[in-house]
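Each remark here refers to the structure printed beneath this line.
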Amino acid sequence: MPKKAKNLDKSKPSKSSRKIQTLKGFRDILPEHQKFWGFIFDKVRKTAEDFSYEKIDTPIIESTKLFERTVGESSDIVSKEMFTFEDKGGDKVTLRPEITAPVARAYIEHGMLTWPQPVKLWYWGPVFRYDKPQAGRYRQFYQFGFEVLGSDSNKVDSQLIIMANNLYKSLGLDIEVQINSIGCPECRKEYIKELKEFLKDKKLCTDCKKRLEVNPLRVLDCKETKCQEILVDAPPILDNLCEPCNKHFVKVLEGLDDGGVAYVLNPKLVRGLDYYNRTTFEFYLAGEDIGSQNALGGGGRYDYLVEQLGGRPTPAIGFASGVERAIIKLKEKDIKIKDETTADVFVAQLGEDARQKSLNLFNDLRKQGIKVRQAFAKKGLGDQMEAANRVNAKYTLILGQKEIMDETIILRDMDSGIQEVIPFEKAIPTIKQRLLSVEGGLKVYSENGNGNEESKQSIDNSKEVIKS
Ligand code: AMP
């Protein structure tokens with residue numbers, strides 16, 4: 001048989017030179033989206049500070065056992081969704097599908113039991129689930145979360161939920177809390193018997209048939225319509241709580257009432273992970289449909305997780321919230337976020353000498369706490385003015401050969417287009433004075449982004465210079 005002729009058509013890219021793209025379910029976060037990310041991160045950090053949570057970062061990869069033992073082998077996450085592989089040393093490792101178990105591991109590993117209790121931690125980072133990608137569902141997504149370890153007080157439950165409510169409010173999102181109690185292992189035993197009895201002859205989906213054997217509680221939050229219909233008449237878990245669990249839950253609800261948080265009792269809310277007990281909850285945008293696709297976040301008590309990982313008994317509670325989901329809601333609600341790419345001043349230059357001098361000027365402005373931008377890689381004035389417009393600069397300082405000779409500089413008001421020539425050494429004080437006189441006064445930014453006394457002092461000094 002004649003050999004198949006090689007593809008000699010050079011206009012077609014060969015397979016190996018085809019464009020490489022992000023993997024399915026993975027996304028780049030482009031510069032134009034960063035303002036949403038920065039906005040949410042700042043609010044989360046501020047909330048954490050206000051409520052005395054300390055930040056923790058855990059590794060992205062952990063031993064697979066950590067999740068198998070805690071999240072549960074029968075959970076969707078462990079049975080279907082983990083990115084698990086063998087590393088070069090032959091160890092089975094997993095890209096973290098959630099961050100509560102890693103935090104509990106860290107609590108034990110770093111002896112946090114000896115710290116003042118409860119230990120309050122928050123985190124922010126990517127998690128990975130081999131899920132079916134669709135709108136609002138990715139294979140890599142970001143979660144922020146808050147965990148309180150070392151307290152079984154019902155007040156901690158309600159305060160955590162009230163704090164979450166405040167946080168979403170600060171983002172401009174009004175939420176509704178769906179809440180339930182799944183009791184403790186003791187009161188659950190009776191309930192599971194009752195539930196199994198109720199479900200035994202029902203025509204459940206294939207997954208639920210397995211769940212009924214391994215973890216019957218999980219049947220309660222099956223998304224299949226036929227299972228949902230069957231579950232309408234299922235016995236509610238809340239009727240089976242033991243006295244201490246019931247008391248705990250009633251107190252949590254009272255705390256939410258006192259805190260003015262809107263909640264809905266949802267006896268089907270068991271959450272998909274093995275480690276939860278007592279209070280479980282999920283956050284939804286007020287007025288939206290309930291369903292895993294729509295939840296902004298969720299969490300619950302995990303009083304036995306630390307012990308399960310080999311630590312001492314440590315009651316705990318926490319929640320995780322998806323960043324991408326929150327961004328989707330911010331966009332849907334058309335919530336405007338201040339564009340951080342605004343500048344007070346832009347420094348433009350023409351010619352080699354001017355470039356060096358304006359670089360020094362740029363640095364001096366920056367050190368004085370003024371938000372200044374430049375585009376020194378561009379040579380033409382037109383390109384630089386375009387860049388100044390892109391960052392919404394209020395003023396542009398323009399330095400050319402002539403200005404260097406005259407020791408002057410051009411100050412252009414970007415709104416009116418009016419230009420004036422001022423002495424070079426008056427450039428900084430003049431800018432400060434102009435910025436002070438615009439509405440809202442001069443925003444002072446130190447190198448870490450906050451206003452500081454030193455910068456305020458230098459502005460006051462500059463007023464003196466201008467007066468003289
Ligand atoms: P969970 O740990 O499953 O309760 O998830 C907590 C939150 O993370 C959810 O409420 C979502 O906001 C977010 N989340 C969960 N899975 C995904 C996913 N595959 N893609 C994007 N966000 C997700």
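The values are calculated or read from the model by the stated rules, or taken from the named source; none is laboratory data. Every value quoted in this text rests on a predicted model; they were computed, and no experiment measured them. Virtual Cβ from ideal backbone geometry, glycine too; neighbours counted across all protein chains shown. These accessible areas exclude ligands, DNA and RNA; they are computed on the full protein's heavy atoms, side chains included. Shrake-Rupley method; radii C 1.70, N 1.55, O 1.52, S 1.80 Å.
Yes/no per residue for (1) touching a residue at least 40 places away in the same chain (Cβ under 8 Å); (2) not β-branched (V, I, T):
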| position | (1), (2) |
| --- | --- |
| R69 | yes, yes |
| G72 | yes, yes |
| I77 | yes, no |
| K80 | yes, yes |
| D91 | no, yes |
| R96 | no, yes |
| A104 | yes, yes |
| P126 | yes, yes |
| Y138 | yes, yes |
**OP:** Look through A326, A286, A316 and report the one residue that is surrounded by 15 or more Cβ atoms within 10 Å (Cβ to Cβ), away from the ligand (no atom under 15 Å from the Cβ) and either under 21 Å from the mean Cα position of the chain (by Cα) or of a type in the set (G, A, S) (or both).
**Re:** A316
Original post:
Can you find even one residue in segment 329-339 that is within 16 Å of the ligand (Cβ to nearest atom) and open to solvent by less than 20 Å² (accessible area, probe 1.4 Å)?
Top reply: yes
**OP:** Of the conditions (1) in a helix (DSSP H, G or I); (2) open to solvent by less than 50 Å² (accessible area, probe 1.4 Å); (3) within 30 Å of K35 (Cβ to Cβ), I192 clears all except one; give me its number.
**Re:** (3)
**OP:** Evaluate the following for T94: is it touching a helix residue (DSSP H, G or I) at 6+ places or on another chain (Cβ under 6 Å) and either in the same structural domain as L167 (by TED's automatic domain parsing) or within 24 Å of G310 (Cα to Cα) (or both)?
**Re:** yes
Original post:
Which one is farthest from the chain's Cα centre (by Cα) among residues in segment 103-136 that are within 16 Å of the ligand (Cβ to nearest atom) and among the small types (G, A, S)?
Top reply: A104
**OP:** Kindly state which helices (runs of 4 or more DSSP H) lie completely within segment 55-173 and contain at least 3 residues that are modelled with pLDDT of 95 or more and of a type in the set (G, A, S).
**Re:** 100-109, 154-171
Original post:
Taking segment 138-157, which residues are within 12 Å of the ligand (Cβ to nearest atom), open to solvent by less than 20 Å² (accessible area, probe 1.4 Å) and of a type in the set (A, V, I, L, M, F, W, C)?
Top reply: F144
Original post:
Applying the selection to segment 54-70, what residues are touching a helix residue (DSSP H, G or I) at 6+ places or on another chain (Cβ under 8 Å), over 17 Å from G125 (Cβ atoms) and either of a type outside the set (D, E, K, R) or within 15 Å of the ligand (Cβ to nearest atom) (or both)?
Top reply: T70
Original post:
Looking at L30, L23, L8, which is the one that is farther than 20 Å from K169 by Cβ, modelled with pLDDT of 90 or more, among the aliphatic types (A, V, I, L, M) and more than 16 Å from the ligand (Cβ to nearest atom)?
Top reply: L30
Original post:
Which of the residues belonging to segment 296-313 are open to solvent by 40 Å² or more (accessible area, probe 1.4 Å) and either within 16 Å of the ligand (Cβ to nearest atom) or out of contact with any Ser or Thr (no Cβ under 8 Å at 6 or more places or on another chain) (or both)?
Top reply: Y304, G310, R312, P313
Original post:
In segment 248-276, what residues are touching a residue at least 24 places away in the same chain (Cβ under 8 Å), open to solvent by 60 Å² or more (accessible area, probe 1.4 Å) and more than 27 Å from the chain's Cα centre (by Cα)?
Top reply: K251, E254, D258
Original post:
Of the residues G417, G451, which single one is modelled with pLDDT under 50 and either in the same structural domain as K371 (by TED's automatic domain parsing) or part of a helix (DSSP H, G or I) (or both)?
Top reply: G451
